[in-house]
Amino acid sequence: MVDNPYLAHLKPSQRGAPVAASSTNSDREPLFGFLPRKVKGEQVRKAMDHQLNPFNKQPHSAQYRKILETRKGLPVFSQMDEFLEIFSKNQIIVMVGETGSGKTTQIPQFVAYSDLPHTKGKLVACTQPRRVAAMSVAQRVADEMDVQLGKHVGYSIRFEDMTEPGTTFLKYMTDGMLLREAMNDTELLRYSTIILDEAHERTLATDILMGLLKNLARRRLDLKIIVMSATLDAVKFQSYFSLHQPGEEPSPAPLFKVPGRTFPVEVFYTQEPEPDYVEAAIRTVLMIHRAEDPGDVLLFLTGEEEIEDACRKIKLEADDLINNDPSSVGPLMCVPLYSSLPPQQQQRIFEAAPKPTQEGYPPGRKVVVSTNVAETSLTIDGIVYVVDPGFSKQKVYNPRIRVESLLVSPISRASAQQRAGRAGRTRPGKCFRLYTEKDFISELEEQTHPEILRSNLANAVLELAKLGIKDLVRFDYLDAPAPETLMRALELLNYLAALDDEGELTPLGGLMAEFPLDPQASKSLAKMLITSPEFKVSNDILTITAMLSVPNVWLRPPNQRAAADQAKALLTVPEGDHLTLLNVFNNYSQNKSDRNWAWNNFLSARALAQAENVRAQLLRTMERSEIELISVEDERKRNLGIQKALICGFFMQVAHKEGEKGSYLTVKDNQVVGLHPSCGLDAQPEWVLFNEFVLTKRPYIRTVTEIRPDWLLEFAPVYFDLSSFPDGETKRALQRIYNKKRGLPENGNGQNPPKLKKQKQKKDTS
DNA sequence: TGTGGGGTG
């Protein structure tokens, strides 16, 4: 009994109290007699039915009792005893719960009742791949536990920490957030149990966390880990997390399985492949609206633009239908859903379908047009029809040319099944697949490729290095990335001086890992911090970095393109897009009192607010590192300083003009690229630095700034060491610059070989 | 001549 810390606050006489006394104790104390991690289902159910809430000692509300009754109907609830027993006996559990099992809301609560984290000052964490999911599930569970969100139950996502230290013991969080935390506390000591939810989604962060936790479990025997997944790749997780007892064969991690509770969903396929899936999707939604019984519709499309466009068209067509025959067609409400939508508008998906236009007329219908966020993570009540064109945007990475891009690609069969399942949450439903059954069987991959196999791993490798994991090639991945991808990542980090030649994390690399940005961007920032006294532009680079890390700020409504372009021209700085971004942000800051400023200038107020947020976040990191914020008054000097500072971070993303048709060749890779049409440069400079390479109709470089080639030799001498430079026009151009530079008096006697290992003194060449 | 699925002290 005494080893139960929960009882430590009780008087000794109460601890071993006789039966009669203990019944009065349990009247006031719902968790009386609970032994951490040895709790039985019967005890939990009793505590749940208790008149007092064990966590805040308040009487349970009527709403609590109502929700509890529905919870008791969830499949996972009837297996509580089984779960608690497996939880008591094992350190690592793999759990499979199909859609509708209630795993995401119930398992963390069961764990809380058994683990009693609040009695030992610890937390139970449950990770989610998406922010919306972390927020909405936390709210739901707070309601279920009859506590205020942000108190005993909270969530933690970037920019928003809804937890109260010392009070919160159940925390939903994004997987990326837990990975960030692990960088500062590799032992994750705050947590007594970590639950990785939606593991089947195989996000980059979840995959790395699985590797870390597998390792950590050996060091921290008190840490319990639950890996939850919706589909049946459980065997893979089980063998990955298998137990190795000395002298025994490895035994797979125990499996806890809960059936789903869904209604049957009838699946329809098209007879022929659809040439235009957006058009076909709109047609199908309207067909449902005209001909099918009441019930809401969920349509999956691939991105913001496509979704907004489809919503407009559906609304227009539906209005036509209603105007033509109001007595046979009900009103239709069309709601978009994607992650970059403001949270308030995201909430609209939960609004009820519209009422009939007049009594006796057909009921209204809600149509949610969504990206993959609605595929798992988010449950929308009332969905009866799913329209699945079979596509989503997926990251693809080409390590040869080091380019990561988003490509509209066919989804996997597992994904298609998830989507269909969304139609059967509340009653039997229908799923319309806009592809043929033959394609479903023979063309779709069984599972979505794990993200770790489709990404540029530079960031992940840097994070792992910060976590103290040195042998990245032999890190225990569930699916090991291609060696070339790892090599490219290591090579990039070495060029950026984040890793030294032995692969050890440098102090600069450590600083870079602190910033929640891509290595390129964090490098430019970190390097700028170190060289800021020289360029005196840390304040400006900070702003530019923030602007580069948020979505596009320029709005260009289809019917006001000319006006938008005009507004943009007024803010454009001819030397380069980076300076333009700085100018936009500064103007935005100066016009904070004018609430319509962003709108009047065709700028996204939300993206600018986000940039402000990121800037503040980065500023805090700078302050922690005690680095000064500097800016120079003189605009010409400042712009030059910024251009030079940019080179320190982006020297690998430089292109040289080639011929007269406006095409450029990227340095070393020799890719032929064009300036993106959004580029604001007034001429076509010989040498440019770019933020990103995009592959759309043609290969483009986007966010481009003019530079001087001698700065490349000056600020990135190792990368631009001509003796190791591939032959070509770029090298010849650089050689000319070098020869010219060698003739200059400040560069010595002209006897140096073309190898600029170290610059003694960097002088302002302006 | 025209873009971002999801995530990050």
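A short reminder: the numbers here are calculations on the coordinates, not readings from a lab. No experiment lies behind these values; they were computed from the predicted model shown. When we count neighbours, we look across all protein chains shown, and the Cβ atoms used for this are built from the backbone with ideal geometry, even at glycine.
Taking the inverse of the mean 1/r over every pair of distinct Cα atoms in the stretch A:194-353 gives a Kirkwood hydrodynamic radius of 20.3 Å. Quick one: helix A:635-650 against the long Cα principal axis of chain A, what's the angle to the nearest 10°, folded into 0 to 90? Approximately 60 degrees, to the nearest ten. The fewest-to-most ranking of A:HIS244, A:HIS676, A:HIS200 by surrounding Cβ atoms within 10 Å reads A:HIS244, A:HIS676, A:HIS200.
Sorted largest first, the spans of the alpha carbon positions of the stretch A:317-435 along the three principal axes are 64, 30, 26 Å. Charge dipole of chain A (Cα centre as origin; +1 on each Lys and Arg Cβ, -1 on each Asp and Glu Cβ, all else neutral): 1340 debye, rounded to the nearest 20. Counting neighbouring Cβ atoms within 10 Å and putting the fewest first, the residues A:ASP320, A:ASP143 line up as A:ASP320, A:ASP143. Rounded to the nearest 20, the size of the Cβ-charge dipole of the stretch A:545-685 about its Cα centre is 340 debye, with Lys and Arg at +1 and Asp and Glu at -1.
For the stretch A:181-235, the mean projected area of the C-alpha convex hull, equal to one quarter of the hull surface, is 3.9 nm².
Per residue, the Cα convex hull of chain A amounts to 205 Å³.
Ranked by how many other Cβ atoms sit within 10 Å of their own Cβ, fewest first, the residues A:LYS697, A:LYS103, A:LYS122 fall in the order A:LYS697, A:LYS122, A:LYS103.
Partners of A:LYS470 within straight-line reach, counting lysines whose Cα lies under 21 Å from its Cα and excluding those fewer than 8 residues away in the same chain: A:LYS214, A:LYS523. Which one, A:LEU179, A:GLY154, A:PRO129, is farthest towards the positive end of the dipole of the stretch A:120-237 when Lys and Arg carry +1 and Asp and Glu -1 on their Cβ? Value: A:LEU179. Relative contact order, whole percent, for chain A stands at 8, derived from Cα pairs under 8 Å and 6 or more residues apart.
Within the shell defined by Cβ-Cβ distances under 13 Å, the residues around A:TYR240 carry a net charge of -1, with Lys and Arg each +1 and Asp and Glu each -1. Once you reduce the stretch A:101-123 and the stretch A:510-529 to the center of their Cα atoms, the two points are 37 Å from each other.
Counting charges near A:ASP207 (Lys, Arg +1; Asp, Glu -1) among other residues having Cβ under 15 Å from its Cβ returns a value of -4. Straight-line cross-link partners of A:LYS103 among the aspartates and glutamates, defined as a Cα under 12 Å from its Cα and at least 8 positions apart when in the same chain: A:ASP197, A:GLU198. Please report how far the C-alpha centroid of the stretch A:265-303 lies from that of the stretch A:468-497, rounded to the nearest whole angstrom. Measuring centre to centre over Cα atoms gives 43 Å. For A:VAL387, the residues 5 or more places off, or on other chains, whose built amide H falls under 5 Å of its own are A:LEU298, A:LEU299, A:PHE300, A:PHE432. Dividing the Cα radius of gyration of the stretch A:328-367 by 2.2 N^0.38 Å, with N the residue count, gives 1.38. Along its first, second and third principal axes, ordered by size, the stretch A:446-498 spans 40, 19, 15 Å in Cα coordinates. The angle between the Cα long axis of helix A:577-590 and the main principal axis of chain A comes to about 60°, on a 0 to 90 degree scale.
Mean projection of the Cα convex hull over all viewing directions, computed for the stretch A:105-257: 9.0 nm².
Taking the helices alone, chain A has a mean residue ellipticity at 222 nm of -12000 deg cm²/dmol, built from -39,500 (n - 2.57) per DSSP H run of at least 4 residues and averaged over all its residues. Of all aspartates and glutamates in the structure, those lying under 15 Å Cα to Cα from A:LYS731, and not within fewer than 8 positions of it along the same chain, are A:GLU658, A:ASP669, A:GLU686, A:ASP710, A:ASP721. Summing +1 for each Lys or Arg and -1 for each Asp or Glu among the other residues whose beta-carbon sits under 13 angstrom from that of A:ALA683 gives -4. Take A:92-98, A:534-540 and order them by the average number of nearby Cβ atoms within 10 Å per residue, most first; the result is A:92-98, A:534-540.
Taking the average, over residues, of other Cβ atoms within 10 Å as the packing measure, peptides A:335-341, A:106-112 rank A:106-112, A:335-341 from highest down.
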